[in-house]
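Each remark here refers to the structure printed beneath this line.
The values are calculated or read from the model by the stated rules, or taken from the named source; none is laboratory data. In this text the structure is predicted, and so the values were computed from the model without any measurement. Every residue, glycine among them, receives a Cβ derived from its backbone with ideal geometry; neighbour counts consider all protein chains shown.
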Amino acid sequence: MGHAPELQEDTTHDGGDPPSASVVPAAALAPAAAEPTVGGASRRHSEILETLGGQICSGELPPSCVLNTDELEARFAVSRTLVREVLRVLATMGLVEARRRVGTVVLPESRWDAFNPQVIRWKLASPARLTQLRELTELRNAVEPLAAMLAAERADTAERAEIVRLAAAMWAAGKTGRQQEFLALDIEFHHAVLAGSRNQMIATLHQITQEVLAGRVQYGLMPQLPDHAALEWHMEVAVAIQHGDGRAARAAMEKIVEQSFVEMAHMWDAPGAAPGTP
């Protein structure tokens, strides 16, 4: 069994509109059974948001269809006010738009907020999940090596120490086959690196890394015992950040994200593979 690289205490750094509106498919507006109001309006708001958001992102409610407020009230057995609140949230995500003399219309995917965590999750649950996973993986490949380099240059002492702690904990969990603990630590590690970049635009992309890492488990690409080289690379990233070596941190992170991409690429590169089929 390999040993984790020695970690030293850091003493050097602190520092176009869609086509004309169409009718909503009957199945999508089929009345839903009324539920008790346990949890209040907030719970119902979340449930309706999840239902409509998921149906839009899956294509069940396609671009240009009109979401009729009266029909939604009847379907979900809720007030007009609650329906309007849900539609407003969907509008902030770019999924729908209110139009005069038409109503609330579903927008094409090109108008959606691609970085919204809920939109990402809904797309990953849709028939186009593999396309979404590929796009997230490609973006991760472009961003995370840069984030590691910047973290080595900019992270403060506490941030460096946390990255080192997480890498060491990942090593221990990985070597003993504690897969769920390892995944949680892996997500925390990459989040810490992104935050350590001190670039708010980069730091907000942590949801992407989380979905890619969780996707590896969902599609059976995470072995019970993580690859030894991958554990070494995470330690290399941590040590490089600890010592302020941006070039080494970037190089080690490039190996991590490239391995992840190669392990997943066969799913979307397979001839005739359906976009949403694992």
Of (1) touching a helix residue (DSSP H, G or I) at 6+ places or on another chain (Cβ under 7 Å); (2) at pLDDT below 95, Val24 fails just (1)
Condition test on Thr157, is it farther than 18 Å from Ala192 by Cα and among the hydroxyl-bearing types (Ser, Thr, Tyr)?
no
I'd like to know if region 95-106 contains one or more residues that are surrounded by 15 or more Cβ atoms within 10 Å (Cβ to Cβ), of a type in the set (S, T, N, Q), on the phi < 0 side of the Ramachandran plot and assigned by TED's automatic domain parsing to the domain that holds Arg216.
no
Selection from region 58-71 of residues crowded, with 16+ Cβ neighbours inside 10 Å and either under 21 Å from Ala125 (Cβ atoms) or in contact with a His (Cβ under 9 Å, 6 or more places away or on another chain) (or both) yields Ser58, Glu60, Leu61, Pro62, Pro63, Cys65, Leu67
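Check Met253, Met222 and return the single one that is in contact with a helix residue (DSSP H, G or I) (Cβ under 8 Å, 6 or more places away or on another chain), closer than 19 Å to Leu185 by Cβ and modelled with pLDDT of 95 or more.
Going through Met253, Met222 in turn, the sole match is Met253.
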Log entry, pairs with first residue in region 149-178 being assigned to a loop (DSSP other than H, G, I, E, B), second being among the hydrophobic types (A, V, I, L, M, F, W, C), beta carbons closer than 8 Å, six or more apart or on different chains, reads Ala155/Ile163; Ala155/Ile241; Gly177/Leu225
Checking Glu211, Glu258 in turn, the sole residue that is acidic (Asp, Glu) and touching a Leu at 6+ places or on another chain (Cβ under 8 Å) turns out to be Glu211
*asked:* Yes or no: region 34-46 includes at least one residue that is assigned to a helix (DSSP H, G or I) and surrounded by 19 or more Cβ atoms within 10 Å (Cβ to Cβ).
replied: yes
Within region 107-147, the residues that are buried (at least 21 other Cβ atoms within 10 Å of the Cβ), more than 26 Å from Val86 (Cβ to Cβ) and touching a Ser or Thr at 6+ places or on another chain (Cβ under 8 Å) are Leu130, Thr137, Arg140, Glu144, Ala147
Gln118 vs (1) of a type in the set (S, T, N, Q); (2) at pLDDT 95 or above; (3) assigned to a helix (DSSP H, G or I): all pass except (2)
